[in-house]
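Participant: Below: one structure in structure tokens.
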Amino acid sequence: MEKKILMCPLFDPWYYEFYIKGLHDFYKDFTIEFSFEDRFLRFREFVNGPYRKEFFYYEIWVNGSVSKICIAANDKCDVNDTVYEMVDVYAKVNVDETTLQKYPKVLPVGPNFGINYFSLPAYLKLSWKLYRNAGIKNPYFRVFTHQSMKRCSFDVYANRKASRDNYLFYLNYPWKKHTTVTNLRKEIITILKDLDKEKVISFEGGFSRRRLGPFEGLENYSASKLYNHRSYLEHLKLSTVVINTPAVHDCLGWKLGEYFALGKAIITTPINRILPGNFMAGTHYLEIKDVHTELKEAISWLVSHKEQRMELEQNALAYFEKYLTPGKVISAIHATAFQKALVVA
């Protein structure tokens, strides 16, 4: 029986190594390889355009039959019509009701996050093949080398730790072009500092610093030191609760995926994207409508109610392990693709 996965070699590693790991986790008895045929290389037309980060394309081959898959991990809910018509399943991180009604082949897969999966020799080999077979200089090589230094492997997330009882770690990035997001994060940091003064929590963090110091104008909101990704995760594992707000374009940010992977008690403003399964406020996270009026009370309540906090932690981790791991995402895509194939047959 011929069973193989053919992958497009043009992909942004920041966004898609997560799913390539999932392919290897799920298709253990398949041959998995990159293809340099023209139908894969046509995706280079998107590399330098507005959809540079949007696509990872692969094909599932079983006994001569093929299912064509696209995973879109970009921030917006838009769908590329050209790619949509090419594929059998258009798996997507950010999906709203309007998208789902208009595009029935869209499959919501929930938040992901960047991981370091490929070794440098493996990526050098891929880049060389891309150049030798198609004359294309890998447009993502600099992205990969940056990521390999910045992001941790998936195994680091699996090494979880028990939360402390009154410690809150919050580290975020200030977006110059998205002042609404940055201003909301400033308000959160102010609230956390107030709670620290009131001895409700011990707060650590703020806005990420650059090596040369804090961002201009944010000196009073910046973290007191630099954190690399591993250090960030180790501090996050100890945090009593974690705080989520929608990222740029109201998207599901990487932090939300990381919170689920670490099994944290999540406080979040409303999540306006569709996630897989029976995703529920009060079960998988504690929802607040307004940071200014509700965040302080929500943190204080969870700090003082350990049993309820631990239940949120357990439910968050269970949800991640059922729906959001790299292998489970690929499993859901596979099931959807072959269900569609049965209907067509």
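Participant: When you scan segment 255-287, how many residues do you find that are touching a strand residue (DSSP E or B) at 6+ places or on another chain (Cβ under 9 Å) and part of a loop (DSSP other than H, G, I, E, B)? Give the derivation first.
Facilitator: First, the residues of segment 255-287 that are touching a strand residue (DSSP E or B) at 6+ places or on another chain (Cβ under 9 Å): 255-256, 258-260, 262, 264-271, 273-276, 279, 281, 284-287.
Right, trim to part of a loop (DSSP other than H, G, I, E, B) and you get 264-265, 269-271, 273-276, 279, 284.
Number of matching residues: 11.
Participant: Checking residue 78 against (1) open to solvent by less than 10 Å² (accessible area, probe 1.4 Å); (2) of a type outside the set (S, T, N, Q); (3) out of contact with any helix residue (DSSP H, G or I) (no Cβ under 6 Å at 6 or more places or on another chain); (4) more than 26 Å from residue 141 (Cβ to Cβ), which test does it fail?
Facilitator: Checking residue 78 against (1) open to solvent by less than 10 Å² (accessible area, probe 1.4 Å); (2) of a type outside the set (S, T, N, Q); (3) out of contact with any helix residue (DSSP H, G or I) (no Cβ under 6 Å at 6 or more places or on another chain); (4) more than 26 Å from residue 141 (Cβ to Cβ), the one that fails is (1).
Participant: Being assigned to a helix (DSSP H, G or I) and of a type in the set (A, V, I, L, M, F, W, C) is the filter; apply it to segment 227-254 and report the residue that is surrounded by the most Cβ atoms within 10 Å (Cβ to Cβ).
Facilitator: So the first thing to find is which residues in segment 227-254 are assigned to a helix (DSSP H, G or I), and the list is 229-238, 248-250, 254.
In the following step, the residues that additionally are of a type in the set (A, V, I, L, M, F, W, C) were identified as 233, 236, 238, 248, 254.
Values: 233: 18, 236: 22, 238: 14, 248: 13, 254: 20.
Only one residue fits best here, namely 236.
Participant: Just to check your reading of the model, which residue among 120, 107, 126, 100 is touching a residue at least 24 places away in the same chain (Cβ under 8 Å) and either exposed (fewer than 14 other Cβ atoms within 10 Å of the Cβ) or under 20 Å from residue 234 (Cα atoms) (or both)? Quick ask: steps written out before the conclusion?
Facilitator: Details: 107 fails: either exposed (fewer than 14 other Cβ atoms within 10 Å of the Cβ) or under 20 Å from residue 234 (Cα atoms) (or both); 126 fails: either exposed (fewer than 14 other Cβ atoms within 10 Å of the Cβ) or under 20 Å from residue 234 (Cα atoms) (or both); 100 fails: either exposed (fewer than 14 other Cβ atoms within 10 Å of the Cβ) or under 20 Å from residue 234 (Cα atoms) (or both).
Going through 120, 107, 126, 100 in turn, the sole match is 120.
Participant: I'd like the residue in segment 1-11 that is out of contact with any helix residue (DSSP H, G or I) (no Cβ under 6 Å at 6 or more places or on another chain) and at pLDDT below 95 and, out of all such residues, is surrounded by the fewest Cβ atoms within 10 Å (Cβ to Cβ).
Facilitator: Residue satisfying both the conditions and the ranking: 1.
Participant: Here's a follow-up. Would you be able to tell me the number of residues in segment 137-159 that are touching a Ser or Thr at 6+ places or on another chain (Cβ under 9 Å) and either open to solvent by 60 Å² or more (accessible area, probe 1.4 Å) or aliphatic (A, V, I, L, M) (or both)?
Facilitator: Number satisfying all stated conditions: 2.
Participant: Determine whether segment 196-208 contains at least one residue that is in contact (Cβ under 8 Å) with a residue 40 or more places away in the chain and farther than 24 Å from residue 294 by Cα. Even if it seems obvious, please write down each step before you answer.
Facilitator: Step one: filter segment 196-208 for residues in contact (Cβ under 8 Å) with a residue 40 or more places away in the chain, giving 200-201.
Pick out the ones that are also farther than 24 Å from residue 294 by Cα and you get none.
No, every residue in segment 196-208 fails to be in contact (Cβ under 8 Å) with a residue 40 or more places away in the chain and farther than 24 Å from residue 294 by Cα.
Participant: For segment 271-291, what are the residues that are open to solvent by 40 Å² or more (accessible area, probe 1.4 Å) and closer than 21 Å to residue 239 by Cα?
Facilitator: If the condition is that a residue be open to solvent by 40 Å² or more (accessible area, probe 1.4 Å) and closer than 21 Å to residue 239 by Cα, then 281, 282, 283, 286, 287 are the ones that fit.
Participant: For the structure I just gave you, tell me whether residue 54 is of a type outside the set (A, V, I, L, M, F, W, C), without any contact (Cβ under 8 Å) to a residue 12 or more places away in the chain and farther than 22 Å from residue 322 by Cβ.
Facilitator: On the way: of a type outside the set (A, V, I, L, M, F, W, C): yes; without any contact (Cβ under 8 Å) to a residue 12 or more places away in the chain: no; farther than 22 Å from residue 322 by Cβ: yes.
Answer is no for this residue.
Participant: Among the listed residues 15, 19, identify the single one that is touching a strand residue (DSSP E or B) at 6+ places or on another chain (Cβ under 7 Å), buried (at least 16 other Cβ atoms within 10 Å of the Cβ) and either modelled with pLDDT under 95 or closer than 28 Å to residue 149 by Cβ (or both).
Facilitator: Details: 15 fails: touching a strand residue (DSSP E or B) at 6+ places or on another chain (Cβ under 7 Å).
Step by step, each of 15, 19 is checked, and only 19 is touching a strand residue (DSSP E or B) at 6+ places or on another chain (Cβ under 7 Å), buried (at least 16 other Cβ atoms within 10 Å of the Cβ) and either modelled with pLDDT under 95 or closer than 28 Å to residue 149 by Cβ (or both).
Participant: Continuing with this model, one more query. What is the one condition in (1) among the hydrophobic types (A, V, I, L, M, F, W, C); (2) open to solvent by 60 Å² or more (accessible area, probe 1.4 Å); (3) under 22 Å from the mean Cα position of the chain (by Cα); (4) at pLDDT 90 or above that residue 162 does not satisfy?
Facilitator: Looking at each condition in turn, residue 162 falls short on (3).
For (1) of a type in the set (Asp, Glu); (2) in contact with a Lys or Arg (Cβ under 7 Å, 6 or more places away or on another chain); (3) closer than 19 Å to residue 69 by Cα; (4) at pLDDT 95 or above, each residue gets a yes or a no:
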position: 112; (1), (2), (3), (4): no, no, yes, yes
position: 117; (1), (2), (3), (4): no, yes, no, no
position: 120; (1), (2), (3), (4): no, no, no, no
position: 133; (1), (2), (3), (4): no, no, no, no
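Participant: Out of (1) touching a residue at least 12 places away in the same chain (Cβ under 8 Å); (2) in contact with a helix residue (DSSP H, G or I) (Cβ under 8 Å, 6 or more places away or on another chain); (3) not acidic (Asp, Glu), the odd one out for residue 306 is which?
Facilitator: Every listed condition holds for residue 306 apart from (2).
Participant: Also: Among (1) open to solvent by 10 Å² or more (accessible area, probe 1.4 Å); (2) assigned to a helix (DSSP H, G or I); (3) at negative phi; (4) not small (Gly, Ala, Ser), where does residue 329 come up short?
Facilitator: (1)
Participant: Out of 219, 187, I need the residue that is among the charged types (D, E, K, R) and modelled with pLDDT of 95 or more. Which one?
Facilitator: Numbers: 219 fails: modelled with pLDDT of 95 or more.
Residue meeting the stated conditions: 187.
Participant: In segment 292-307, what count of residues is obtained for those that are touching a strand residue (DSSP E or B) at 6+ places or on another chain (Cβ under 8 Å) and under 19 Å from residue 237 (Cα atoms)?
Facilitator: At the first step, the residues of segment 292-307 found to be touching a strand residue (DSSP E or B) at 6+ places or on another chain (Cβ under 8 Å) are 295, 298-299, 302.
When the remaining residues are screened for being under 19 Å from residue 237 (Cα atoms), the result is 299, 302.
Adding up the residues that qualify gives 2.
Participant: Among the residues of segment 299-315, write down those that are under 25 Å from the mean Cα position of the chain (by Cα) and surrounded by 17 or more Cβ atoms within 10 Å (Cβ to Cβ).
Facilitator: Filtering segment 299-315 for residues under 25 Å from the mean Cα position of the chain (by Cα) gives 299, 309-315.
Within segment 299-315, 299, 309, 312, 313, 315 meet the criteria.
The values are calculated or read from the model by the stated rules, or taken from the named source; none is laboratory data. Not measured: the values here are computed from a predicted model. Cβ atoms come from the backbone with ideal geometry, glycine included; neighbour counts cover every protein chain shown. When the accessible area is computed, the model is the full protein with side chains, heavy atoms only, and any ligands, DNA or RNA have been set aside. Shrake-Rupley method; radii C 1.70, N 1.55, O 1.52, S 1.80 Å.
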